[in-house]
Amino acid sequence: MIAVTYLPSDERSPLPGDVRECRFDDFTAFKQWVQDYVCIHCLLDFYQFTYKAPTTLGEWLDMGCGCEIFIEDENDIID
């Protein structure tokens, strides 16, 4: 199980159900949420900084939006 906590307390949470913490049962659902979550501005910043599109989950969460969440992966589902 992957637990995601949204850190900014003064903003509306982008997690399903507008909650502060959400648990994903499988990696596919988590990956889809990450790709839906990261905004176009952060993707453009990443591209302008690295001159490539993000390919790994770490790259998707490397800048901007990725800094707003805490991910806990107790079962090592994320490679």
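Values in this text are rule-based calculations from the coordinates and carry no lab data. Quick caveat, the model's predicted, so the values are computed rather than measured. Using ideal geometry, Cβ is built from the backbone for each residue, glycine included, and neighbour counts are taken over all protein chains shown.
A few notes on this one:
- Once the convex hull of all Cα atoms in the chain is built, its volume per residue stands at 87 Å³.
- The mean sequence distance of close C-alpha pairs (under 8 Å, at least 6 residues apart), as a share of the length of region 2-73, puts its relative contact order at 40 percent.
- Summing charges over all other residues whose Cβ lies under 12 Å from the Cβ of Gly66, with Lys and Arg as +1 and Asp and Glu as -1, gives -4.
- A Förster distance of 22 Å, applied to the separation of the beta-carbon atoms of Thr50 and Ile78, puts the FRET efficiency at 0.60.
- Karplus-based coupling profile of region 61-78, in residue order and whole Hz: 9, 5, 10, x, 4, x, 6, 8, 10, 10, 10, 10, 10, 5, 9, 6, 6, 7, with θ = phi - 60° in 6.51 cos²θ - 1.76 cosθ + 1.60 and x standing for Gly or Pro.
- Counting only alpha carbon atoms, the long axis of helix 27-37 and the longest principal axis of the chain meet at about 60°.
- Net +/- balance of residues flanking Thr50 in space, Cβ distance below 14 Å, scoring K and R +1, D and E -1: -2
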